[in-house]
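Read the structure below first, then the notes.
A short reminder: the numbers here are calculations on the coordinates, not readings from a lab. It should be emphasised that the depicted structure is a prediction, and the values quoted were computed from it without experimental measurement. Glycine also receives a Cβ, built like all others from the backbone with ideal geometry; neighbour counts cover every protein chain displayed.
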């Protein structure tokens, strides 16, 4: 690739090149992304909350040692659960480590958040009525047979978050998950269920701390996981992955006029080399950037490294639209400033 030509192309599209603060060189997709202290960002399976002009990136804090759970049939690679990291940024380029927002409970071996357990895909939403920050996450045991959702709460976006409990929402399994807050303030818990064969969407209670009892089943027997969801022009869009353990597979997108469906499955939105493997990534979150007609969307992927999970990398790509059709083209660098007026369009 001619780097100079590629940079000019991105600038013409309104896409600014993301630079590493330390070296001034380009930050490439799936490279080592460092925080402002020069340490690799440790926030896997994460999501981002924008609050009062600050972005907060929450993610799984992986331990240094990766091992495979004994006696488990599939490739169950894992690390000790280190809780949930929090990083902050005003420009989406420079990330300050704010600490471990939800710390593991090292004293109680029966705790859901003991290091021997699994804490995955944390997502935080702000409740305007209670003025609380609410975190939902996938909670599991060494064999991934618990299949529960955990909830924690804090008065501050950086924590400390107080862990409340875990549950099987609506008496159903819950693994890969996300949380979505709609324009009307209602929040929804979206999770893989029924042996990962079906995706559930569940309306949360007014305080976001429990399920309301209203939920729906989507994509039965299609085995979709890693949901990431956003809303544009009154329509809801979702990107998911297939179920193939740590191995990459083909992404799929879906659209609906209502959050509870029915959802219409579409095709693979990825475009470019290795699109059939989602660029060796897996979806985790879609971040809206900007307001009104200037709003654009960035989709976040994890590039998992199963035998060294703490060294798993991150891929962030722009979502493009041609009418109502969603695509995710590969770019070596991506605008993370929200300054583009039209990079979400073809």
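Things to note:
- Calculated FRET efficiency for the pair residue 276/residue 306, C-beta based, R₀ 30 Å, to 0.05: 0.95
- One chain, two ends: residue 67 and residue 37. Fully extended at 0.36 nm per residue, the span grows by 8.0 nm beyond their Cα-Cα distance.
- Working note: Debye formula, equal point scatterers on the alpha-carbon atoms of region 145-193, no solvent; log10 I(q)/I(0) at q = 0.20, 0.26 Å⁻¹ is -0.82, -1.05.
- Within region 314-335, backbone nitrogen closer than 17 Å to the virtual label 7 Å beyond the Cα of residue 294 toward Cβ: 335
- The relative contact order of region 76-184, computed from alpha carbon pairs under 8 Å that lie at least 6 residues apart in sequence, is 21 percent.
- Each peptide in 140-148, 226-234, 242-250 gets a packing score, the mean of other Cβ atoms within 10 Å over its residues, and the list from highest to lowest is 226-234, 140-148, 242-250.
- Cα centroid of region 54-92 to Cα centroid of region 265-337, whole Å: 19
- Debye intensity ratio I(q)/I(0), log10, region 266-320, q values 0.14, 0.20, 0.28, 0.31 Å⁻¹ (C-alpha model): -0.45, -0.79, -1.13, -1.22
- Calculated on C-alpha atoms, the gyration radius of region 193-329 divided by its Kirkwood radius gives an Rg/Rh of 0.97.
- Here region 107-235 is treated as an ellipsoid with the same Cα gyration tensor; its semi-axes, largest first and in whole Å, are 22, 21, 11.
- Taking the chain and dividing mean pair separation by its residue count, relative contact order in percent (alpha carbons under 8 Å, at least six apart): 14
- Volume in Å³ per residue [convex hull over Cα atoms, computed for region 3-329]: 134
- Projected label distance in nm at residue 51 and residue 164, using a 7 Å step from Cα toward the beta-carbon: 1.5
- Distance (nanometres) between label positions extended 7 Å along Cα→Cβ at residue 264 and residue 250: 2.0
- Between residue 332 and residue 143, the simple spin-label model (points 7 angstrom out along Cα→Cβ) gives 4.8 nm.
- Estimated at 0.36 nm per residue, the fully extended path between residue 129 and residue 325 surpasses their Cα-Cα distance by 67.0 nm.
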